[in-house]
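See structure below.
The numbers here are math on the coordinates, done by the rules we state, and not lab data. Keep in mind that what you see is a predicted model, and the values were worked out from it rather than measured. Using ideal geometry, Cβ is built from the backbone for each residue, glycine included, and neighbour counts are taken over all protein chains shown.
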Amino acid sequence: MLVNQFLLLSAFLFCTGVYGVLARRNAVMVLMSIELMLNAVNINLLTFGVLHGTVSGQVFALFIIAVAAAEVAVGLAIVLLIYRNRSNIDVDDLDLMKG
Amino acid sequence: MLENAYLIPLLPALSFVFILLFGKRFKGGDAVHWIGIGVVGVVWVLSLVLGAQWIDRSEDALSGGGSSYEESLVVVVGSSGTGAGVLLGTEAGEGAPAPIAEPVISQITWFQSGGVEHSVGTYVDGLAALLLVVVSTVSLLVHIYSTEYVRGDVRYVHYYAFLSLFTASMLFFVLSSSILQMIVGWELVGLCSFALIGHWWEDSANSSAALKAFLTNRVGDIGLLVGMIILFFGAGTFDIFQINDMVARGEISHLVLLMASLSLIAAVMSKSGQFPLHTWLPDAMAGPTPVSALIHAATMVVAGVYMIARLYPVFYEGFAINTSSINLLSFIGGFTALMAAGLAFFQWDIKKVLAYSTVSQLGYMVMALGVGAWTAAVFHLFTHALFKACLFLGAGSVSHASHHTFDMRKMGGLKKHMPVTFWTFAIASLALAGIFPLAGFWSKDEILIGAWTGQQSGYPLMLFFGAAVAALTAAYMTRVIYYTFFGEYRGHGTPHESPKAITVPLVILAGGAVLGGLANLPSPAADAIGLGGIAHRIETYAEPVNFLAPLGLTVAAPSLAMALIGLGLALSGIGVTYLYFWKGMGPQGLSERNKYARAGRTFFENKYYLDYLYNDIIVASIKWPIAKATYWFNQNVIDKVVDSVGEGARDGGQFVYRYIDQAVVDGTVNATGTAANASGESLRVIQSGKVQDYGALLFGAVGVLAIIFVIVI
């Protein structure tokens, strides 16, 4: 079985996610980019799981989906609170930790 | 009581504290003497009980046998006087039993150091028991006497407090079971004598006399400390019994013992007033008279003699008393006896005559110890305590009557005014002179025989000293009696007999001076009066034969010839003086006519210039040229060294400060700080606070690492 296509897709998705996380200023978009990266990983896991004929890849993927759901729930709650406090969700403004 | 002897010094010590703290509460201090008298009375009874118990114990040991020392006993030897006429005591002397009762030692551990246990406790044997009885008796009488003599004094309470402490210290010293304890007791006695001699310190002469006594004693104390330390390192213990035992078994080398006894003799010189450190003793007369009696009869000055007697094996071996015919101990004693007896003729102060007499008699005791006549020395200590206390208290009584002067030129004719004082004083003087059958006769006789017989050979020089002193003693006491009690009264006012509190102790002590000889009657004399059972009691109960017999100590047998010689010398002394003063015979006023006689008189009146030697030559030379040279040396050598060391240190410090501290150390510290600061400044740019920047760094770094990973692998 040829895994190239899957891996290329996954790499593309991951790079898109990285770009989104680093470049977007909207916090919701950042969160969505993180989801992209996670899903790129999921694709990798499934691909190699099929390649080696085990189900552990799928099991890990399921775990990651569950963890991603929890992460989005927490992340959106944080974004919501930021919005309530500052009336926008621009991540560039969140520099309280500046040294 | 033998095991609980610690009570005896403890009681007067408690009484000292009590009197000092609460004495004033008793009618403003006027009734304080009852505490002192009560406590010393109890101590006196306890001492007598202890003495009786010791006698019981000795008798048990004697009759029960069973002591391992019996075989090793060297019994009295009577062979040495064969050429010298009648010898009475040969057979009886050989039968004299020896004490074989072990001393009763009760100890507790004081401290441990270097694996050695140091104990304190009490050491009761015949010698200690005898001294306890003597000290407590004299102290009790002095306490009673003082109620009258010191009455109304400003520091009455203080006086009685120190009298108690004095008694306590001496009793403590006597009962010491280790030489460490002896040092403590020794110093306590010295301290109390300082306080009491300087009792009337408002007069600067008194306080300087107290200082002189104290400082002279300090000189000797160095010897005491050194000697005790040598003994400790020689024997490995401070315990008196063990030290004596080791010496008796020959386990300590002769050299160590010689060094120790040479050092200890310095202590004896200062405390017991032996030449050349005797000069404090006559000055100590500045204290109240009862104190003089206590110091000179029973307590302080016999401490030195007691110390020799207590550590006798050390001295016996150290000075090889057994085999020599002259040694330092006997020579010091004999010379002191003769020298002080000479000085006693030229004093006008009645107490100073008695003081020199004390020095002389102490010399006698030391000489007796030096020739190996242990029993004779202790016996003489006992009898001397009785009659010398009587003499001092008598002198106090005389002064009490004649307006508080001690100058014999202002007395005279007191015989008819104060008969009790006269008769007691006369009896005590005769006892001191050694007239049969008074106490001094017996003890002095034993010393003379001891010097004659010696140990393996006789001590002829000591016999000469002793004989000369016997005659001189009788003579100067006759002089005192003549000036004080005969002729016309030369003072002012009317003299009167002293009250009961003064005369009763005098009568008791005079009784002691008469009967004291019974304590160690030679057996021929005891047999003659039908009291054969009480012969040689001190020898029987007190002599530590268990230590001395292995060393070869022999006791001289009594000799009628020697007794007659001694008595003859004393009588001739009295006779010559009688003719000189009463009959006006002899070279009257010789010193006014003859310049050599005058020079001699001046020499004696200035006490052989010993005080000048000490003050003007020794002290002054230390004070002036030596001190000056020392000062120069100090300024120019020692100070220079110190200064240059200081300057060098200062320069070095500056160099270090400037080039090492400032440049290197501080530079490093500063550079560290600066580097940290600069790197922080440059790095804080990265710390933007934006999560995306951190993320970008993270991914960038991962990317770089991945590239390295790929290239390397």
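Annotations for the structure displayed:
- Reachable aspartates and glutamates, given that their alpha-carbon falls under 18 Å from the alpha-carbon of B:K444 and they are not under 8 places away in the same chain: B:E539, B:E543
- Counted residue by residue at 0.36 nm each, then reduced by the alpha carbon distance between them, the extension gain from B:L579 to B:D349 reaches 80.5 nm.
- With bins 5 Å wide beginning at 0, the percent of Cα pairs of segment A:1-52 falling in each bin runs 5, 24, 25, 17, 13, 8, 5, 2, 0.
- P(r) of the protein assembly as shown over all Cα-Cα pairs, binned every 10 Å from zero, in whole percent: 2, 11, 18, 18, 11, 5, 3, 2, 3, 4, 6, 6, 5, 3, 1, 0, 0
- Within the shell of other residues whose beta carbon sits under 14 angstrom from the beta carbon of B:L362, the net charge comes to +3, with Lys and Arg scored +1 and Asp and Glu -1.
- Sequence-ordered 3J(HN,Hα) estimates for segment B:573-583 from the Karplus curve with 6.51, -1.76 and 1.60 and θ = phi - 60° stand at x, 4, x, 4, 5, 4, 4, 5, 8, 7, 9 Hz, glycine and proline given as x.
- Amide H contacts of B:L553: none lie under 5 Å away among residues 5 or more positions distant or on a separate chain (H built 1.01 Å from N in the peptide plane; Pro and chain starts excluded).
- Quarter the surface of the alpha carbon convex hull of segment A:4-91 and you get the mean projected area, 5.5 square nanometres.
- Residue-count net charge about B:P437 - beta-carbon cut-off 13 Å; Lys, Arg +1, Asp, Glu -1: 0
- B:V49-B:V504 FRET efficiency (beta carbon distance; Förster radius 25 Å; 0.05 resolution): 0.60
- Sequence-separation-based contact order of chain B, relative, with Cα cut under 8 Å and 6+ spacing, percent: 14
- Cβ charges +1 (Lys, Arg) and -1 (Asp, Glu), total dipole of chain A, debye: 60
- Exposure rule at most 10 other beta-carbon atoms within 10 Å, DSSP loop GluC sites (Glu not before Pro): chain B longest free segment: B:203-487
- Label-point gap, in nm, between A:K98 and A:M29 - each point 7 angstrom along Cα→Cβ: 2.2
- About the centre of its Cα atoms, the protein assembly as shown shows a dipole size close to 2480 debye [charges on the beta carbon of Lys, Arg (+1) and Asp, Glu (-1) only; nearest 20 debye].
- Rounded FRET efficiency, nearest 0.05, which uses the C-beta distance separating A:L9 from A:I78 and R0 of 30 Å: 0.50
- Computed FRET value (nearest 0.05) for B:R151 with B:Y489, which takes r as the C-beta separation and R₀ as 25 Å: 0.55
- B:T122, B:T216, B:T279 arranged by Cβ crowding within 10 Å, fewest neighbours leading: B:T279, B:T216, B:T122
- Which of B:I326, B:V507, B:S204, positive extreme of dipole for chain B (C-beta unit charges): B:S204
- Under a 5 Å amide H cut-off, with hydrogens placed 1.01 Å from N, B:S178 pairs with B:G121, B:I240 among residues at least 5 apart or on other chains.
- Nearest 10 degrees, 0 to 90: helix B:350-370 Cα axis against chain B principal axis: 80
- Spacing of the modelled spin labels on B:S204 and B:A627, each 7 Å from Cα toward Cβ, amounts to 1.6 nm.
- At full extension, B:H496 and B:A649 could sit 47.2 nm farther apart than now, given 0.36 nm per residue minus the alpha carbon distance.
- Rg/Rh (Cα only; Kirkwood hydrodynamic radius) as it applies to segment B:291-354: 1.08
- Across segment B:111-117, computed HN-Hα scalar couplings (Karplus, 6.51 cos²θ - 1.76 cosθ + 1.60, θ = phi - 60°) run 7, 10, 8, x, x, 9, 8 Hz from first to last residue, x flagging Gly and Pro.
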